[in-house]
Each structure stands twice: as C-alpha cells, then as structure tokens.
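One structure is given below, encoded as structure tokens.
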Number of protein chains: 2
Amino acid sequence: MYTLLISSSISLQDHLAAALGSFIEVLPSLWDLPTATRFRQGDLVWVDADNQDPDLIKRLCKGDFGSARVIVLSSTPNDAAAVDWLGLGAAGYLHAFSTPETLRQTTAVVESGGLWVGVGLMQQLCARFGQIAKPQHDLMAQLTEREREVVQHLKMGKSNKLIAKEMDISERTVKAHLTAIFAKFDVSDRIQLLLKLAA
Amino acid sequence: MYTLLISSSISLQDHLAAALGSFIEVLPSLWDLPTATRFRQGDLVWVDADNQDPDLIKRLCKGDFGSARVIVLSSTPNDAAAVDWLGLGAAGYLHAFSTPETLRQTTAVVESGGLWVGVGLMQQLCARFGQIAKPQHDLMAQLTEREREVVQHLKMGKSNKLIAKEMDISERTVKAHLTAIFAKFDVSDRIQLLLKLAA
DNA sequence: AATCATTTTGCCCGTTGGTACAATAGGTAG
DNA sequence: CTACCTATTGTACCAACGGGCAAAATGATT
C-alpha cells in the first residue's frame, strides 16, 4: 500500500511517521505534485490543510489526481470544515496531531472503505437524522412498503434513474410507485410531494 | 464486553462468529428476548433486519431494552433504511455479509462511541448538512432582484410556465433566471435548490 | 463614449418526468 | 377457485425542464 503525506510541517511529518511507520512518502507541497499524477485505488494521501492550497486539496478530494483516499488534517479542526471536505469526497478529517492510536484507527477504517469523522460532528449529523427520519402523518401509513422506500429516496432529491438503480428495479417500476404515491397524497408531481412533506 | 447477535440465519451467525470471534452470543429471534432484559452500557447487539420484527428492532434501537449499542445488518442495505435506523438510535448499519475486516472496524468504531454508516450516505449527509449549516443569506444576497422573485415562486412549487405568466415574462426568461440561480447556489436543478432552501 | 451587469427573448436540443394502456406474477382473503 | 392487492416491466407519448448559442435593450459606472 502506498501512503503519501503532503505537508511542509516537519513536526507533522515526524508525528505521522512515528504513528504509521517511516515507510510514508512525504511531499512538502501539493504544487510539487506532477499534474500527470494518477493515484491508484487503495492509495492513501494525508494532506495538511494548514499549509496547502485549498483549491488543490479540493481537486485532490474530487479525484482529479486519481482514486486515492484522501484524509485531511488540520491543527484547528471544526465541524464546518469537516462537512466541506467530506462532502467533496475526503475519506477522513481529523486533528493533525491526533494520538498515534487514532491515526492508526483512521488508517484502518479508511482503508476498509469507511469514513473517519469526529464524534462531535457525528452527533450533530445524528440530530439531523432525526429530522430527516421523522415519522410522517397518516398519509405515509397508507403507502405500501415499496412506496415508502421510494418516498425516502425522493426526499433526498434523487432522480428516478438513481432510485431505480439503488432499489435494483427498473425505472418504469419507480414511475409506477410514484404514480401510486402521487395519487395517495393527492399531488401531481414530486415537487408538490416534497412541499407537502416539508410542511 | 458482551456481544450479542440476533438472527435466525445460520450463515450470518457463522459469518459474524468467524469475523468477531466465537465468544458471541446468539439469539435466533428478538421474541426470545426476555422483556425484562436490560443491556448495559457498552454491550453490543447486532441485529439482522432481514428476519426480525421491525417494531422490536425499533424498540431495541430506542433503548427499550437498555443502553446497548445496536448495529443493524441487512442483506439489501439502502440509504433510506440507514436513515431510519440511525435516526432511531442505531449505532451502525451495514451489509450483513460485509467483509470480516469491515465488521471488525465497525466494532471498533462503535465501541469507541462512533457510528458506522456507508460512505455514500455519509457523503450525502455531509453535503446536506453543509447546506444546512451554511447561512443562505449570503447566497440569496448574491441573487439579482428578478432572480430572488423567481426563487419565491419556485419555493411555492410553481412551474416555469406559471412563473412566466405571473411575472409577465416569457418562459425562456424564467429559465435564464433559473440557470443563473442554479449556478449561484451550486445546484443542478430546482429539486436540489428546494432541498437546500428547505433545510 | 465605453464598459459592464441585468433583463429580456427566440430557436433548438437532449434529458427527465408523468402517464396511458397494457401484461405477468406472487400473495392473501373469501 | 376467485377476486383483490402488490410488485414488476414494457412501449410509447407528451409535457416539463435545463441549457447552448445568440441577440437586443436598459441602466449604471467609469
């Protein structure tokens, strides 16, 4: 496995090397990264948000340099930044000088396809879960199981095509469920349905 | 640490035991759980959503049986269900036959007080949360007068045609405004915009 | 006078969404 | 066995949506 740290901070370089092993490669700046660089699936890139160009980190997260898993480090971590990076595709966000134990655990989680975020952010997201997942009215009770599933997807703003893919059914079937849902909710389209649910 | 798996599926029982160790206790059905059962803080309960009563799982997640951390397993995982279970208090939601590695990671994360969710859902939540957390004031301020008007109509779920009629302009102009609005809000269509505004 | 942001519109294109008119199949209740 | 509900899918049609390319007019700013 290839692991790269991008940071100009000597102390951070030492810290990470101590925690993860000295086989880590280090690059002082993202600008030094050849534009032709193509990370492979499974590569791990730690990047120091304190002293790197945000735009380049952004591109890195979005996969412009290949399919590496990106972990963003910050010496002043905050939830807002976390959601930004994770939303862009980062696989982790944590304090640059986290304990070696935490760093190792992050590595393990990210390598196995997970995301690493702080507990505080998780709790906030959980609070939002509650809102998103709040039980609806009696109208929802009138829906069949599959129809309810479709509604969940709808609420996330997904297209018919995507819903079909995620439910592993044809787009036509999604439409069939939608037609049924619209009738039961007495609305004409998904927009009105969303407005009704949001109210 | 006490770990319990609730599933009638032999293959799942074997799979989990192989991944986490054979010290796991197994219960075929949630119905077999004595109503007086009180899990303790730190207890880990894996429950198979495929063959258990949803209502009982629900109560389990909500803590009716004590303060165990609940991890929901499904052979057909989807984001909608994830939102439901996590919203109810589950600490994790993942594919029943995830790799042993992933199962172990889940254990580690959940035990240390975290949540385990799929990457796709996590990113969606972050994206959504980012939108929520960000004051739309700044975004709305970037709109022109007419664009703001259009947004008002949009929030009421009106069609382009209707908006055009009410603003006494052509439908093409409405589209032009919309295109500008979408760009400024960094969304692709009216649905995403509504979700952003509604949040 | 020249530049710029804003507003307006037309034509055309591809994609998405909703539905009419079907059919097949599994399960349940009578 | 027979309805009935649910889930699934197909073809096809049309309306709605989003945007590319273009143009014109206005008002403000420099």
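The values are calculated or read from the model by the stated rules, or taken from the named source; none is laboratory data. What you see is a predicted model, and the numbers here were worked out from it, not measured in a lab. Note: ideal-geometry Cβ built from the backbone for every residue, glycine included; neighbour counts use all protein chains shown.
I'm checking my understanding of the structure. Among residues of segment A:164-181 that are exposed (fewer than 13 other Cβ atoms within 10 Å of the Cβ) and assigned to a helix (DSSP H, G or I), which one is nearest to DNA strand C (Cβ to nearest atom)?
So the residue we want is A:179.
Confirm whether residue B:106 is surrounded by fewer than 16 Cβ atoms within 10 Å (Cβ to Cβ) and facing another protein chain (nearest Cβ under 9 Å).
On the way: surrounded by fewer than 16 Cβ atoms within 10 Å (Cβ to Cβ): no; facing another protein chain (nearest Cβ under 9 Å): yes.
No: the conditions fail for residue B:106.
What number of residues within segment A:85-103 are farther than 24 Å from residue A:10 by Cβ and surrounded by fewer than 24 Cβ atoms within 10 Å (Cβ to Cβ)?
Selection size over segment A:85-103: 3.
Within segment B:122-160, can you find the residues that are within 21 Å of residue A:196 (Cα to Cα) and at pLDDT 85 or above?
Within segment B:122-160, B:150, B:151, B:152, B:153, B:154, B:155, B:156, B:157, B:158, B:159, B:160 meet the criteria.
The rows are residues; the columns are (1) among the polar types (S, T, N, Q); (2) without any contact (Cβ under 8 Å) to a residue 40 or more places away in the chain.
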residue: B:39; (1), (2): no, yes
residue: B:45; (1), (2): no, no
residue: B:57; (1), (2): no, yes
residue: B:62; (1), (2): no, yes
residue: B:65; (1), (2): no, yes
residue: B:78; (1), (2): yes, yes
residue: B:85; (1), (2): no, yes
residue: B:89; (1), (2): no, yes
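Looking only at segment B:161-195, filter to residues that are within 31 Å of the chain's Cα centre (by Cα) and of a type in the set (Lys, Arg); which one of those is farthest from residue A:198 (Cα to Cα)?
By that ranking, first place goes to B:184.
Of the numbered conditions (1) loosely packed, with under 14 Cβ neighbours inside 10 Å; (2) near DNA strand D (Cβ under 9 Å from one of its atoms); (3) away from chain A (no Cβ under 11 Å), residue B:189 fails exactly one; give the number of that condition.
It fails just one condition, (3).
So, in segment B:164-181, of the ones that are more than 7 Å from DNA strand D (Cβ to nearest atom) and charged (D, E, K, R), which residue ends up farthest from the other protein chains (Cβ to nearest Cβ)? Talk me through it step by step, then tell me what you get.
Going residue by residue through segment B:164-181, those that are more than 7 Å from DNA strand D (Cβ to nearest atom) are B:164-171, B:173-174, B:177, B:180-181.
Keeping just the survivors that are charged (D, E, K, R) gives B:165-166, B:168, B:171.
Details: B:165: 17, B:166: 16, B:168: 23, B:171: 17 Å.
Within segment B:164-181, the match that is farthest from the other protein chains (Cβ to nearest Cβ) is B:168.
Checking the conditions here, which among A:44, A:33, A:86 is closer than 19 Å to residue A:113 by Cβ, away from every other protein chain (no Cβ under 14 Å) and in contact with a strand residue (DSSP E or B) (Cβ under 7 Å, 6 or more places away or on another chain)? I'd like the intermediate steps shown before the answer.
Working: A:33 fails: closer than 19 Å to residue A:113 by Cβ; A:86 fails: away from every other protein chain (no Cβ under 14 Å).
Being closer than 19 Å to residue A:113 by Cβ, away from every other protein chain (no Cβ under 14 Å) and in contact with a strand residue (DSSP E or B) (Cβ under 7 Å, 6 or more places away or on another chain) holds for just one of A:44, A:33, A:86, which is A:44.
Could you give me the residue pairs with C-beta distances under 8 Å whose first residue belongs to segment A:145-161 and is touching a residue at least 40 places away in the same chain (Cβ under 8 Å) and among the hydrophobic types (A, V, I, L, M, F, W, C), whose second residue is within 11 Å of DNA strand D (Cβ to nearest atom) and outside any helix (DSSP H, G or I) wherever it lies, and which are 6+ apart or on separate chains?
Pairs that qualify, where the first residue is touching a residue at least 40 places away in the same chain (Cβ under 8 Å) and among the hydrophobic types (A, V, I, L, M, F, W, C) and the partner is within 11 Å of DNA strand D (Cβ to nearest atom) and outside any helix (DSSP H, G or I), are A:151/A:143.
Cβ contacts < 6 Å: first residue assigned by TED's automatic domain parsing to the domain that holds residue A:158, restricted to segment A:170-199; second residue near DNA strand C (Cβ under 7 Å from one of its atoms) and not in a loop (DSSP other than H, G, I, E, B), any location; separation 6+ or different chain. Result?
What qualifies is A:171/A:160; A:171/A:161; A:174/A:160.
Which residue out of B:184, B:161 is within 11 Å of DNA strand C (Cβ to nearest atom) and either assigned to a helix (DSSP H, G or I) or within 14 Å of another protein chain (Cβ to nearest Cβ) (or both)?
On the way: B:161 fails: within 11 Å of DNA strand C (Cβ to nearest atom).
After ruling out the rest, the residue left standing is B:184.
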